[in-house]
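Single-structure report; data block below.
The values are calculated or read from the model by the stated rules, or taken from the named source; none is laboratory data. Keep in mind that this is a model prediction, so the values were computed, not measured. Every residue, glycine among them, receives a Cβ derived from its backbone with ideal geometry; neighbour counts consider all protein chains shown.
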Amino acid sequence: MSYHLLQGKKGIIFGALNPDSIAWKAAERASEEGATLTLTNTAVAMRMGETQKLAEKLNTIAIPADATNLDDLNQLFLKSMEVLGGKIDFVLHSIGMSPNVRKERHYSDLDYNYLEKTLNVSAVSFHKVLQTARKLDAINEWGSVVALSYVAAQRTFFGYNDMADAKALLESIARSFGYIYGRERRVRINTISQSPTPTTAGSGVKGFDRLLDFAERMSPLGNATAEECADYCITLFSDLTKKVTMQNLFNDGGFSNMGMSLRALQQYEKGLFYDEECGGDAEKHRYD
Ligand SMILES: NC(=O)c1ccc[n+]([C@@H]2O[C@H](COP(=O)([O-])OP(=O)(O)OC[C@H]3O[C@@H](n4cnc5c(N)ncnc54)[C@H](O)[C@@H]3O)[C@@H](O)[C@H]2O)c1
């Protein structure tokens with residue numbers, strides 16, 4: 001259903017790899033709401049993934065750009081303004097990647113070159129997007145920039161590894177840049193802290209299926225889907241949220257304010273019974 005919330009607005013959406021991607025759903029919803037937009041992803045992702053297919057569906061173009069590369073970002077904003085016929089009203093940063101997670105490095109045994117890459121791709125790229133946009137004066141007054149985060153920025157989650165540090169930095173960049181961009185040009189900057197969602201990036205997290213189940217049992221409203229995340233993005237891109245900035249906003253069915261739910265407790269009790277009666281492998285996972 002369309003509310004025409006983005007009628008006449010122009011946007012750039014990073015990170016639509018395949019139909020599971022949160023960015024994919026956000027691009028579809030933004031288009032339904034009347035926006036015109038360009039898509040972008042790395043050249044490799046565009047070869048391996050389906051970004052181009054989405055561009056055709058939405059009657060637009062996909063522009064290759066590595067979000068850690070300032071020249072690429074410069075070209076991306078210039079080309080987008082040319083194609084869309086003016087300055088940008090909204091940007092979605094939907095990018096995350098950790099080589100330490102991919103290679104299953106334990107958090108107490110990180111590869112620091114990988115850590116640099118995690119932070120650069122998953123967080124510093126957000127600063128680069130904002131800095132490039134500001135220098136080009138590419139975003140209209142009351143424009144809106146959103147990045148996607150996860151609650152591991154505030155609380156520790158087994159298996160989320162150095163992505164937790166990246167998300168903490170990402171949220172901090174939203175606040176620090178939000179002040180500057182807000183004062184100068186009335187551009188608002190927020191992060192959405194999303195429930196675990198079955199996507200290519202999400203499924204890379206150790207124990208993802210169990211995390212998904214745990215979050216579902218803990219959240220009074222259940223996990224937020226990728227489609228529901230896209231809906232929330234649309235509200236933040238729209239003029240209905242003009243004074244919302246520098247916030248980390250939870251789209252998680254209530255998970256972040258829960259301590260323990262009956263559903264999660266019941267499942268935990270089954271595990272306790274298993275440990276006592278069958279002998280669990282507790283020793284092996286002492287430090288996990
Ligand atoms: N899936 C989840 O459980 C979950 C939960 C909370 C937050 N998030 C966040 O949502 C965002 C989107 O992830 P997703 O779950 O849709 O997975 P996804 O794998 O579909 O999207 C991640 C995207 O990042 C892109 N990317 C990686 N390196 C890049 C680079 N250098 N430059 C430009 N793009 C690059 C990938 O090509 C891909 O399109 C990420 O920030 C992720 O951390 C995901």
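Note on segment 18-32: residues that are under 19 Å from Val44 (Cβ atoms) and surrounded by 24 or more Cβ atoms within 10 Å (Cβ to Cβ) total 3. State yes or no: is Gln52 polar (S, T, N, Q), within 15 Å of the ligand (Cβ to nearest atom), out of contact with any Gly (no Cβ under 8 Å at 6 or more places or on another chain) and closer than 27 Å to Arg175 by Cα? No, not satisfied. Taking segment 167-272 as the region of interest, the helices (runs of 4 or more DSSP H) fully inside it that hold 2 or more residues being more than 10 Å from the ligand (Cβ to nearest atom), touching a residue at least 12 places away in the same chain (Cβ under 8 Å) and within 28 Å of Val91 (Cβ to Cβ) are 226-237. Can you tell which of Leu92, Leu136 is crowded, with 20+ Cβ neighbours inside 10 Å, under 26 Å from Thr235 (Cα atoms) and either modelled with pLDDT of 95 or more or of a type outside the set (Phe, Trp, Tyr) (or both)? Sole residue among the options that is crowded, with 20+ Cβ neighbours inside 10 Å, under 26 Å from Thr235 (Cα atoms) and either modelled with pLDDT of 95 or more or of a type outside the set (Phe, Trp, Tyr) (or both): Leu92.
Consider segment 12-42. How many of its residues are more than 16 Å from the ligand (Cβ to nearest atom) and touching a strand residue (DSSP E or B) at 6+ places or on another chain (Cβ under 8 Å)? The total comes to 3. Residues in segment 101-130 that are within 22 Å of Phe14 (Cβ to Cβ) and either among the hydroxyl-bearing types (Ser, Thr, Tyr) or in contact (Cβ under 8 Å) with a residue 60 or more places away in the chain (or both) were compared, and the one that is surrounded by the fewest Cβ atoms within 10 Å (Cβ to Cβ) is Arg102. Taking Ala164, is it more than 30 Å from Ser31 (Cβ to Cβ), in contact with a helix residue (DSSP H, G or I) (Cβ under 6 Å, 6 or more places away or on another chain), part of a helix (DSSP H, G or I) and aliphatic (A, V, I, L, M)? So Ala164 fits the description; yes. When segment 72-100 is examined, which residues are found to be part of a helix (DSSP H, G or I) and within 13 Å of the ligand (Cβ to nearest atom)? Asp72, Leu73, Leu76, Pro99 - these are the residues of segment 72-100 that are part of a helix (DSSP H, G or I) and within 13 Å of the ligand (Cβ to nearest atom).
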